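Everything below concerns the one structure shown next.
Quick note: the coordinates plus some simple rules give every number you see, no bench work behind them. Note that this is a predicted model, so its numbers are computed, not measured. Every residue, glycine among them, receives a Cβ derived from its backbone with ideal geometry; neighbour counts consider all protein chains shown.
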Amino acid sequence: MIPKSTNIRRARQEISLHKRWEKNSHASGVIWFTGLSGSGKSTLASELEQLLFDRNKQVVSLDGDDLRYGLCADLGFLPEDRAENIRRVGEVASLFSASGAIVLTAFISPYRADRLKARKAAVGNFHEIYLSADLNTCIDRDPKGLYAKAQRGEISHFTGISAPYEAPESPELTLDTGLLDVKKSLKILDEYVEKAFSL
Ligand SMILES: Nc1ncnc2c1ncn2[C@@H]1O[C@H](COP(=O)(O)OP(=O)(O)OP(=O)(O)O)[C@@H](O)[C@H]1O
Ligand SMILES: [Mg+2]
């Protein structure tokens with residue numbers, strides 16, 4: 001996005017990204033989970049965060065519902081609101097990544113164009129992880145009862161029911177969380193992250 005302001009100048013960065021990586025003994029970047037509601041984004045982000053934290057990694061997670069209480073409290077679920085939601089998340093993730101952290105994001109982020117913007121905004125590595133559990137699996141799980149509400153017409157613009165989900169075309173990793181259980185998914189993620197963020 002081109003800034004509205006013209007009289008602005010970037011602050012000097014005294015500490016280079018590489019110095020931060022050396023200090024942390026790992027690279028920084030974004031692990032961007034995408035998938036339908038109920039595909040397991042929050043579950044896996046939270047488990048992975050705990051695992052990395054226990055190994056002394058600098059890790060932070062950003063969750064869709066959490067951000068809608070604060071930074072994104074003014075946004076709903078229309079396509080333009082979702083685009084702005086993901087733009088903000090992409091920028092925040094980039095800031096944390098620039099500080100040296102491994103950032104885990106758990107957002108449906110249904111539109112390809114929005115995810116691409118988040119990728120372009122990211123300082124450090126960006127890894128799109130597609131949780132490909134299919135719609136029927138997610139409807140059966142319905143951990144928050146939202147699919148039932150959407151099917152009764154009580155929620156509009158609900159991804160998979162009354163709003164689209166554009167699956168990633170070339171994600172860095174796909175996990176079929178309809179077939180894999182949490183433990184197996186986590187093991188694959190653990191191995192992936194160890195490789196992707198090693199110096
Ligand atoms: N392999 C798996 N990975 C993640 N979750 C799984 C897996 N298998 C089963 N589950 C279950 O599926 C549900 C996923 O719910 P979760 O809240 O994590 O989804 P979400 O993608 O964050 O949804 P939302 O977009 O609504 O926030 C949980 O109840 C979890 O225990
Ligand atoms: Mg969630």
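Quick notes on this structure:
- Residue match in segment 182-194 (condition: of a type in the set (S, T, N, Q), surrounded by 15 or more Cβ atoms within 10 Å (Cβ to Cβ), closer than 17 Å to residue 105 by Cα and out of contact with any Leu (no Cβ under 7 Å at 6 or more places or on another chain)): no
- Restricting attention to segment 1-59, the residues that are away from ligand 1 (no atom under 16 Å from the Cβ), of a type in the set (Asp, Glu) and within 28 Å of residue 186 (Cα to Cα) total 2.
- For segment 66-94, the set of residues classified as more than 16 Å from ligand 1 (Cβ to nearest atom), in a helix (DSSP H, G or I) and in contact (Cβ under 8 Å) with a residue 24 or more places away in the chain consists of 79, 83, 87, 90, 91, 92, 93, 94, listed by residue number.
- Within segment 119-149, being within 13 Å of ligand 1 (Cβ to nearest atom) and within 21 Å of residue 170 (Cβ to Cβ) holds for 129, 130, 131, 132, 133, 134.
- Here residue 109 fulfils each of the conditions (1) at positive phi; (2) over 12 Å from the mean Cα position of the chain (by Cα) apart from (2).
- When residues of segment 12-55 are limited to those that are among the basic types (Lys, Arg) and more than 16 Å from ligand 2 (Cβ to nearest atom), the one farthest from residue 96 (Cα to Cα): 55
- Looking across 110, 143, one residue alone is crowded, with 18+ Cβ neighbours inside 10 Å and closer than 23 Å to residue 46 by Cβ. It is 110.
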